[in-house]
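Peer 1: Shown below is the structure under consideration.
The values are calculated or read from the model by the stated rules, or taken from the named source; none is laboratory data. For clarity, every value in this text was computed on a predicted model and none was experimentally measured. Positions of Cβ are generated from backbone atoms using ideal geometry, with glycine treated the same way; all protein chains shown enter the neighbour counts.
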Amino acid sequence: MNGSYYPNPTFPTNMSNYPNETEVNTTMPMEQSYIENILRLNKGKTAKVFCAFPDSNDWRDRIYEGIIEEAGKDHLIMSSPSKGDWYLIPLIYVNWVEFEEKINYTKLY
């Protein structure tokens, strides 16, 4: 092949065409309607989180009930006051969330 069919990539040598940190557009909203942002808006509320763990025979499907404490881009932290347990749940395993009350949802874009 020797670069004849798939040419070697070239990279720009003049970086003046790229914005520096002070020129980046800051008018974009900080939060959008992603699951983690919706969960953050509902911190402190009681919820049931339905999860599926496809690679586990013992933990195939689980329901976590408790209070939403924190949410990040890839995880959810819940507490269960009745059991005294805390859960760190990767969002990749979350199928859906049920709330006992109306949820807060703000579409910012």
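Peer 1: Of the residues in segment 56-98, how many are hydrophobic (A, V, I, L, M, F, W, C) and in contact with a Ser or Thr (Cβ under 7 Å, 6 or more places away or on another chain)? Before you say what the answer is, go through the steps one by one.
Peer 2: First, pick out the residues of segment 56-98 that are hydrophobic (A, V, I, L, M, F, W, C): 59, 63, 67-68, 71, 76-78, 86, 88-89, 91-92, 94, 96-97.
When the remaining residues are screened for being in contact with a Ser or Thr (Cβ under 7 Å, 6 or more places away or on another chain), the result is 67, 86.
Number satisfying all stated conditions: 2.
Peer 1: Tell me, yes or no, whether segment 91-99 has at least one residue that is among the acidic types (D, E) and at pLDDT 95 or above. Give the derivation first.
Peer 2: Restricting attention to segment 91-99, the residues satisfying the condition of being among the acidic types (D, E) are 98.
Okay, now just the ones that are also at pLDDT 95 or above, so 98.
Within segment 91-99, one or more residues are among the acidic types (D, E) and at pLDDT 95 or above.
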